[in-house]
Each structure stands twice: as C-alpha cells, then as structure tokens.
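Undergrad: Could you have a look at this structure, given as structure tokens, before my questions?
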Amino acid sequence: MGIFDKFKLGLSKSSKNLSTGLNDLMFKRKIDENTLNELEDFLIQSDVGIESAKELKDKFSNTKINPKISGKDEIFKIFSNYVSEILKPLEKNLDNINKNTPSVILIAGVNGVGKTTTVGKLGKILGQNNKKIAFGAADTFRAAAVSQLEVWAKKINAEIIKSDEGVDPASVAYKALDYSKKNNIDYLIIDTAGRLQNKKNLMDEFKKITTVVKKIDIKAPHETFLILDATTGQSAINQVEAFRKVTPITGIIMTKLDGTAKGGILLAVGRKFKLPIIALGMGEKEDDLHMFNAQHYSSALMSE
C-alpha cells in the first residue's frame, strides 16, 4: 500500500463526513446565502475551526458554482487546495533535527492521547539508517507505561533508561540524557506522564524536566513534540494553549485520526497556531505513524 493510500484509509471517516456534507449542501439545492451559512455551520461542526470555516465559506461564495454544471471534483478541489495552502508551510523534515548528539526529543500531552505508543513508533522511524535510539521512561507514575516502552525498546533495538515507580520524573530525564551523551546516542526520546492542562502542579512538574536537562545540555530539549488526540476535537486547541505557556512546542503529532470523523481538527490547530506538524497516527500497527504530508492529507480528506 502506497503512502497516499495509507492517508486515504486513515482519514476515511473524516473524508466520508466531509464529502457527504458538501455533497448534500452544494449539489442538492440552490447555492444561496442560506446554503453558504449552512456550509459554514457544517464545517465548524466538523472541527475545521471557525476561522477556516469562514474563509472556506468566502471562497465558495466568491466562486461561481453551478451544481448542474460543476462537478464534484471542482468543489472538492477548492476545499483541498485551501487545506494544502494552510498546512504545506507546516511540514517538518525530521532530518533537520539531527544536529546534536544526542538530539533530545521531549514528548508532551494529556492523559490518553497515545504518548508512549507514539514514542515507540517515532523511535522506529528515527532508528533507520543505523541511528542509535534511547528512550527515557519519565512516566514514573504508571508502571504500564514503562513496561510498554520496554517492549518497544526490545522491538526496535533501542536503549531504555528507567527508574523505580514513583521516582521524580526529572531525575529520570537527567539520567537518560547523561547516559545518552556518554554512549553516543543519536536520538533520546523522553516519555512523560499525562498532564491535565488545568492542573498547575502537574504542568510545573513537566517544566522541571525541561529545566533539569539543561544542566547537561543548555540547548536541551532540542525538540518538544505535543501529542494530540484527534478524537478530542476542539479540546486539542485548549491543550496547545496550555502547554505553550509552560514550554516552547516545536512540533505537533496528531494520533487516532482513523477513529474519528472530525479529522479537520488538524486544520484548525494548524491555522490557529502555525506550529510544525511532524506526523499523524492513523492506526494501531507499529507502522501506522506517518510523517506529515500536506498534499496527501488534503487530498485524502477530500477523497470518496
């Protein structure tokens, strides 16, 4: 299966929702102001964001569309081109982060977004071309997270640095970076516990991790990737805002896009924050994390 086909399969629920909605609105009635207002409402409900919904409404209102003459392809192309235009500048090539030994990638996110699984999948991608990978198991409050990371480490031949359950997460991060520098690790990926964005003590604890690793490398962490769960919809916006107050976010990874019909939330996040988009999780298998490609995403979102 080619990479576009994987995007198409992973976004099939969102694609069906959007294509059906556009079809019902634009092809089964006269396109007037009421229709365009309904279109805007539909797009907002699809989680593409208020700003994007308004801009798309304006694009359709400024385009002469005769449903009896214009084919679906034209309508879908307008939508797809808009999405690609917004998200194309946000593509981020992971090769650009390999400028340190090790390159430290800190993983952030609230409970249940799939951080630990994403750490494993990301490690597999970064471990290509004989790169040495290490995992820092800084989710010390959940024994299952450490066990899960150990399974991934064995699977992809990565090192894992861990401590006893309940140990200060910042101390694990420190130990992991110290080990990685002494053993010529190329990428150190630090897993962290889920943070409720409205719990100040948990967010302060996360900030402590970013402070402690700087004692070894003042530039660390070199990347901080925020994991967002597509099924949470607009809550993702609040999560980005909360984490950005604590630490600079250098990239977004969105998971569980295959499990929702509201995959447009990626557009809302990209349009609002203009943060780099690293990868998309679209399945449970270990190869179901795909580097973000705006053209594949926008085309798959508008395929039937």
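Only the coordinates and a few stated rules stand behind these numbers; no lab work does. What you are looking at is a predicted structure, and each value in this text was computed from that prediction instead of being measured. Positions of Cβ are backbone-derived with ideal geometry, glycine not excepted, and every protein chain shown enters the neighbour counts.
Undergrad: I need LEU289, LEU266, LEU122 ordered by Cβ neighbour count within 10 Å, fewest first.
TA: Fewest-to-most ranking of LEU289, LEU266, LEU122: LEU289, LEU122, LEU266.
Undergrad: A follow-up question, please. Need one number: % antiparallel among DSSP beta bridges in the chain, to the nearest 5.
TA: Roughly 10 percent of the DSSP beta bridges within the chain come out antiparallel.
Undergrad: Per residue of the range 126-133, what does 6.51 cos²θ - 1.76 cosθ + 1.60 with θ = phi - 60° give for ³J(HN,Hα)? Whole Hz please, x for Gly and Pro, Karplus curve as stated.
TA: Here the 3J(HN,Hα) series is 6, x, 5, 6, 6, 6, 8, 10 Hz.
Undergrad: Can you pick out the pairs among LYS115/LYS285; LYS131/LYS181; LYS124/LYS154; LYS181/LYS245; LYS6/LYS285; LYS99/LYS214 whose Cα atoms lie more than 19 Å from each other?
TA: Beyond 19 Å: LYS181/LYS245.
Undergrad: So for the pair ASP58, LYS155, with labels modelled 7 Å out along Cα→Cβ, what separation do we get in nm?
TA: With each label point 7 Å from Cα toward Cβ, the separation is 4.5 nm.
Undergrad: Which of (i) 35, 24, 15; (ii) 26, 25, 19; (iii) 40, 19, 15 is the computed semi-axes √(5λ) of the Cα gyration tensor in Å for the structure on display?
TA: The value matching this structure is (iii).
Undergrad: DSSP loop GluC sites (Glu not before Pro) in the range 139-229 with at most 13 other Cβ atoms within 10 Å of their Cβ, which ones?
TA: Within the range 139-229, the qualifying GluC sites (Glu not before Pro) (loop, at most 13 other Cβ atoms within 10 Å) are GLU165.
Undergrad: Then there's this: If you put +1 on each Lys and Arg Cβ and -1 on each Asp and Glu Cβ, how big is the dipole of the range 149-230 around its Cα centre, in Debye rounded to 20?
TA: For this selection, approximately 240 debye.
Undergrad: Test of understanding: what is the full-extension gain from PHE4 to LYS207, defined as 0.36 nm times their sequence separation minus their Cα-Cα distance?
TA: That pair, PHE4 and LYS207, stretches by 69.3 nm at full extension.
Undergrad: Using a 10 Å cut-off around each Cβ, can you sort ILE133, ILE156 from fewest to most neighbouring Cβ atoms?
TA: ILE156, ILE133
Undergrad: Then there's this: Please find the FRET efficiency linking LYS131 to ARG244, where r is the Cβ-Cβ separation and R0 is fixed at 41 Å, and quote it to the nearest 0.05.
TA: Given R0 = 41 Å and the Cβ-Cβ separation, E is 0.90.
Undergrad: Another question, if that's okay. For the range 229-272 and the range 114-192, what is the separation of their C-alpha centers, rounded to whole Å?
TA: Cα centroid to Cα centroid, the span is 23 Å.
Undergrad: How tilted is helix 143-156 with respect to the longest principal axis of the chain? Cα atoms for both, answer in degrees (0 to 90, nearest 10).
TA: Between the helix axis and the principal axis of the chain, the angle is about 90 degrees.
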